[in-house]
Structures are given as structure tokens and as C-alpha cells.
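Engineer: Submitted below is the structure of interest, expressed as C-alpha cells.
The values are calculated or read from the model by the stated rules, or taken from the named source; none is laboratory data. As the structure is a computational prediction, the values presented were derived from the model and not from experiment. We place every Cβ from the backbone using ideal geometry, glycine too, and count neighbours over all the protein chains shown. To get the accessible areas, we keep the full protein, side chains included, count just its heavy atoms, and leave off ligands, DNA and RNA. Shrake-Rupley method; radii C 1.70, N 1.55, O 1.52, S 1.80 Å.
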Amino acid sequence: SSLIANELFLVFLGGGIGSLLRYGVGSGLEVFLGSTTAGVLSLFFVNVAGAFFLGIVSFHPFFASENRKSFWGSGFAGGFTTMSAVALFVYQQGSVAITSVMFALGFFAFAAGVALGKKKAGLNELG
């Protein structure tokens, strides 16, 4: 019971930090690029970078404990990435092509993160 409460707290804390960072990325880009360009670029960045990071979290030895996986994987990466914004973007812009590119890049970024995490863990195969 206290272990579950601890994991929930870690997910909550990591998610809050990830969400704040996502907001900071969007706000920072908006200052320099304007709201329209920043929205698309920040959406791409947070989802592709988040997929890469989640790939690392999945296999890097630093993240091997359940507490670290809860904080960094479910919490931080979950709060940093944003599927709801992707759905809104597709609905408003109707841009399936851009969304498809983002998902493809996200998959490859995740695979790259997995490869890096496995390399640090001493695992060679990608499967």
C-alpha cells in the first residue's frame, strides 16, 4: 500500500515536471517564432524527444528501478509528451501528413533511445 502510494507520488511529481517543461518549450519557441510556427515545432519536438527519452528509460541501467521508471517513464515522459495536442492539431489543421511524419520520427527516436539504453546496459540485440 505504501509502495503504491510512493509510485503514484513519483508519477505525479515526474508528470508535473514534464508538463512544466513542455509548457516552457512551447512558450520559449512562441517568443522567438510566433504562435503558429511554435505550436507545430514544439509539438514535434516534445513528442520526438519524449519518444527518444522513453526508449532510453526502457533499457538504460540508471532507470532500472521501479521508482525511476515510475518517475522518469510514466511521470516525466508522460507529462512531457502530448497526445491530446496531436489530436487537436490534426482536428484543427487536418494535416495527416505532418502527423504521420511526427509518428514516424517518434518511432525512430524511440528505437534510437532503446539502442542507446541497451548499449549502456550491455545488451546488443534490438528485439
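Engineer: Can you report the number of residues in the stretch 1-27 which are open to solvent by 60 Å² or more (accessible area, probe 1.4 Å), among the hydrophobic types (A, V, I, L, M, F, W, C) and modelled with pLDDT of 95 or more?
Structural biologist: 7
Let's see how each residue does on (1) over 16 Å from the mean Cα position of the chain (by Cα); (2) farther than 23 Å from A112 by Cβ; (3) not charged (D, E, K, R):
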| residue | (1), (2), (3) |
| --- | --- |
| L13 | no, yes, yes |
| G24 | no, yes, yes |
| L41 | no, no, yes |
| F52 | no, no, yes |
| S58 | no, no, yes |
| A64 | yes, no, yes |
| A77 | no, no, yes |
| F80 | no, no, yes |
| G94 | yes, yes, yes |
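Engineer: Sticking with this one: Looking at (1) aromatic (F, W, Y); (2) surrounded by 16 or more Cβ atoms within 10 Å (Cβ to Cβ); (3) closer than 23 Å to V101 by Cα, which is the one condition that is false for F63?
Structural biologist: (3)
Engineer: All but one of (1) touching an Asp or Glu at 6+ places or on another chain (Cβ under 6 Å); (2) open to solvent by 70 Å² or more (accessible area, probe 1.4 Å) hold for S70; which doesn't?
Structural biologist: Looking at each condition in turn, S70 falls short on (2).
Engineer: Same structure, new question: Considering only residues that are polar (S, T, N, Q) and surrounded by 13 or more Cβ atoms within 10 Å (Cβ to Cβ), look in the stretch 81-92 and name the one that is farthest from G50 (Cα to Cα). So that I can check it myself, show each step before the final result.
Structural biologist: Going through the stretch 81-92, the residues polar (S, T, N, Q) turn out to be 81-82, 84, 92.
Imposing the further condition that a residue be surrounded by 13 or more Cβ atoms within 10 Å (Cβ to Cβ) reduces the set to 81-82.
Details: T81: 6, T82: 9 Å.
Among them, the one singled out is T82.
Engineer: Looking at E30, is it farther than 30 Å from L123 by Cβ, among the charged types (D, E, K, R), open to solvent by 80 Å² or more (accessible area, probe 1.4 Å) and out of contact with any strand residue (DSSP E or B) (no Cβ under 9 Å at 6 or more places or on another chain)? Please lay out each step first, then the result.
Structural biologist: Values: farther than 30 Å from L123 by Cβ: yes; among the charged types (D, E, K, R): yes; open to solvent by 80 Å² or more (accessible area, probe 1.4 Å): yes; out of contact with any strand residue (DSSP E or B) (no Cβ under 9 Å at 6 or more places or on another chain): yes.
Spelling it out, E30 is indeed farther than 30 Å from L123 by Cβ, among the charged types (D, E, K, R), open to solvent by 80 Å² or more (accessible area, probe 1.4 Å) and out of contact with any strand residue (DSSP E or B) (no Cβ under 9 Å at 6 or more places or on another chain).
Engineer: Right, something else. Has the stretch 111-124 got any residue that is farther than 20 Å from I56 by Cβ, of a type in the set (S, T, N, Q) and modelled with pLDDT under 85?
Structural biologist: Step one: filter the stretch 111-124 for residues farther than 20 Å from I56 by Cβ, giving none.
The answer is no; no qualifying residue exists.
Engineer: Would a scan of the stretch 86-107 turn up a residue that is of a type in the set (V, I, T) and over 22 Å from L29 (Cβ atoms)?
Structural biologist: Step one: filter the stretch 86-107 for residues of a type in the set (V, I, T), giving 86, 90, 96, 98-99, 101.
From what's left, over 22 Å from L29 (Cβ atoms): 96.
Taking every residue of the stretch 86-107 in turn, at least one turns out to be of a type in the set (V, I, T) and over 22 Å from L29 (Cβ atoms).
Engineer: What's the number of the condition F103 fails, among (1) within 19 Å of G113 (Cα to Cα); (2) at pLDDT 90 or above?
Structural biologist: Every listed condition holds for F103 apart from (2).
Engineer: Also, I was wondering about something else. Among the residues of the stretch 96-107, what is the count of those that are over 16 Å from V46 (Cβ atoms) and under 10 Å from the mean Cα position of the chain (by Cα)?
Structural biologist: 0
Engineer: Oh, and also: Assuming G55 fulfils every condition listed in (1) closer than 29 Å to L123 by Cα; (2) of a type in the set (G, A, S); (3) at pLDDT below 90 apart from one, which condition is it?
Structural biologist: Condition not satisfied by G55: (3).
Engineer: Could you please let me know if F108 is surrounded by 15 or more Cβ atoms within 10 Å (Cβ to Cβ) and either more than 30 Å from L3 (Cα to Cα) or touching a residue at least 12 places away in the same chain (Cβ under 8 Å) (or both)? Walk me through it before giving the result.
Structural biologist: Details: surrounded by 15 or more Cβ atoms within 10 Å (Cβ to Cβ): no; either more than 30 Å from L3 (Cα to Cα) or touching a residue at least 12 places away in the same chain (Cβ under 8 Å) (or both): yes.
Considered against the rule, which asks whether it is surrounded by 15 or more Cβ atoms within 10 Å (Cβ to Cβ) and either more than 30 Å from L3 (Cα to Cα) or touching a residue at least 12 places away in the same chain (Cβ under 8 Å) (or both), F108 comes out as no.
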